[in-house]
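J.: What follows is a structure written as structure tokens; I'll ask about it next.
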Amino acid sequence: MPFSGNRTQYVAVIALIVSMIIWSVSGIAIKHALVVLPPFTMIIMRFIPSVLLMLIIGIVRRKHSLFCLQRMELKDLPLFLIAGFCQPFLYYMLETYAYDALNSPTIAETLLSTSPLLSPVFAAVLLRERITGNNILGIVVSTVGVFVLTLAGAATYSIGSYWGVLLAFMAVSAAVIDSVMMRKAPVKYSSLSFVFYTQLISLMFFIPVWFWREGPEALRTLDWAQISDISSPLSVALLSVSYLTVFASVIAFILFCYALRQIGVTQANAFNNIRPAFTALWMFLFFGEHLPLIKWLGIILIIFGLFVCQKQEKVSDY
């Protein structure tokens, strides 16, 4: 294990790795879902079941600290409103328009993977987390690995609209602010409670946008007869949404929330750099995508950077 710590910290690191593995497949699942489903329809179909699933889990597992569902107190509503507005809602909105404004998806993926670079700033200013030299060095090395992994061999480095760059960094900032809200959430709220309320609030923002942009007509135009064929595009899309609902929106978010509240914003967000590495490995193992030596170097840099970043036992004064 990269740092000497207690059992809770070890569990937090394992939870982070599992959540990153789950999220590394999310991009592939989203790509398959969007073949058939309009973007906001896919989001609605993803988050309504995830909120209902967490509600059921919270009711059934009332005595389990990680999965119990506490009643939100009115004084904590502003915190949950900020978190729910920032992510998933604002992040997904900004991410969508950033992809549209930037010429290359590779450039967009790289810019959207920079949350570890912004996390120390937000954590130091808003949470007064103590940032160590190892944290900074590890984040920089790991981020260089992300750039090597995603940009090496790219056909073009043309950025496109600089508004896209701004939107990408705004999206990353929204995600980091959500992380800060996770850390600031009172300990009386379980990880499931935090994720449940933030996604419920996000839905309140998403649903009006869905009616404005797509609406029920998007569901009526789908060829539902295709469901009988498991290999049909619609069936594949629905299976992809099911994965996003259960694994990406519930399990991964709860694990990430738990881990972040144990080891801090800076160390937890550093693990976001490993997502492109896992994605590249899945594409190599299951889809036969070529992975040249330079990309393996990027993966090694990412892992080494995470090792250095996690070397300290604790980065927070709390």
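J.: Suppose every Lys and Arg Cβ carries +1 and every Asp and Glu Cβ carries -1, with no other charges. What dipole size does region 7-309 come out with about its Cα centre, to the nearest 20 debye?
T.: Numbers: 18 positive and 12 negative charges, 233 e Å.
Taking the Cα centre of region 7-309 as origin, the dipole is about 1120 debye.
J.: Still on this structure: Go ahead and set up a Gaussian network model of the chain, Cα springs under 10 Å, then flag whichever of Leu297, Leu222, Leu79 fluctuates most.
T.: Leu222
J.: While we're on this one: Return Arg61, Arg46 ranked ascending by Cβ neighbour count within 10 Å, so the fewest neighbours appear first. Please report the intermediate quantities before stating the final value.
T.: Working: Arg61 15, Arg46 25.
Placing the least packed residue first, the sequence is Arg61, Arg46.
J.: I would also like to ask the following. Which ordering of Cys309, Cys86 is given by a fewest-first count of other beta-carbon atoms within 10 Å? Could you put the intermediate results ahead of the total?
T.: Details: Cys309 28, Cys86 23.
Placing the least packed residue first, the sequence is Cys86, Cys309.
J.: Could you please rank Glu73, Glu289, placing first whichever residue has the fewest other Cβ atoms within 10 Å of its Cβ?
T.: Working: Glu73 10, Glu289 13.
Arranged by neighbour count, lowest to highest, Glu73, Glu289 become Glu73, Glu289.
J.: Please identify every one of the trypsin sites (Lys or Arg not before Pro) in region 181-274 that sits in a loop by DSSP and has no more than 10 other beta carbons within 10 Å of its own beta carbon.
T.: Values: sites: Arg183, Lys184, Lys188, Arg213, Arg220, Arg261; in loops: Lys188.
Loop-located and lightly packed - Lys188.
J.: Tell me, in nm to one decimal, what length is gained between Tyr97 and Ala225 on full extension, where the rule is 0.36 nm per residue of separation less the Cα-Cα distance?
T.: Numbers: separation 128, 0.36 × 128 = 46.08 nm, distance 3.24 nm.
In short, 42.8 nm is gained.
J.: Quick one: grab the alpha carbon gyration tensor of the chain, order the square roots of its eigenvalues as a ≥ b ≥ c, and give me rounded if a/c is under 1.5, else prolate or oblate depending on whether a/b is larger than b/c.
T.: Details: a/c = 1.55, a/b = 1.09, b/c = 1.42.
Oblate, because a/c is 1.5 or more while a/b does not exceed b/c.
J.: On to the next question. Quick one: Cα centre-to-centre distance for region 1-80 and region 209-252, in angstrom?
T.: Distance between centres, Cα-based: 19 Å.
J.: What does the extension gain come out to for Val246 and Lys63, with contour length at 0.36 nm per residue minus their alpha carbon separation? Walk me through the intermediate numbers first.
T.: Values: separation 183, 0.36 × 183 = 65.88 nm, distance 2.16 nm.
Fully extending the segment from Val246 to Lys63 adds 63.7 nm.
J.: Taking amide H positions as placed in the peptide plane 1.01 Å from N, state which residues far from Glu289 in sequence (5 or more) or on other chains have amide H under 5 Å from it.
T.: When sequence neighbours closer than 5 places are left aside, the close amide H contacts are Phe284.
J.: For a label point 7 Å from the Cα of Ile28 along Cα→C-beta, name the residues of region 210-244 whose backbone N is under 17 Å from it.
T.: Only 236-244 fall inside the zone, counting backbone N under 17 Å.
J.: Answer rounded, prolate or oblate for region 123-239, using the Cα gyration tensor with square roots of eigenvalues a ≥ b ≥ c: rounded when a/c is under 1.5, else prolate when a/b is larger than b/c, else oblate.
T.: In terms of gyration-tensor shape, oblate.
J.: Note down the nm distance, to one decimal, between modelled labels 7 Å out along Cα→Cβ at Val187 and at Trp282.
T.: Output for this residue pair reads 3.5 nm.
J.: Here's something else I'd like to know. Pick out the long, greasy-scoring helices in the chain: whole DSSP H runs spanning 30 Å or more along their own axis by Cα, mean Kyte-Doolittle at least 1.0.
T.: On the way: long enough: 7-33 (38 Å, 1.33); 39-60 (32 Å, 2.20); 162-184 (33 Å, 1.24); 191-213 (32 Å, 1.26).
In the chain, the long hydrophobic H runs are 7-33, 39-60, 162-184, 191-213.
J.: Where is the GNM fluctuation largest for the chain (alpha-carbon springs, 10 angstrom cutoff): Leu102, Leu74, Leu203?
T.: Highest fluctuation of the listed residues: Leu74.
J.: Let me ask something else. Using helices alone, I'd like the mean residue ellipticity at 222 nm for the chain: each DSSP H run of four-plus residues gives -39500 (n - 2.57), total over residue count, nearest 500. Please report the intermediate quantities before stating the final value.
T.: Values: 15 runs with 211 residues, N = 318.
Mean residue ellipticity at 222 nm (helix-derived): -21500 deg cm²/dmol.
Read-outs: derived from the displayed coordinates by stated rules, not from any lab. Here the structure is a predicted model, which means the values were calculated and not measured. Positions of Cβ are backbone-derived with ideal geometry, glycine not excepted, and every protein chain shown enters the neighbour counts.
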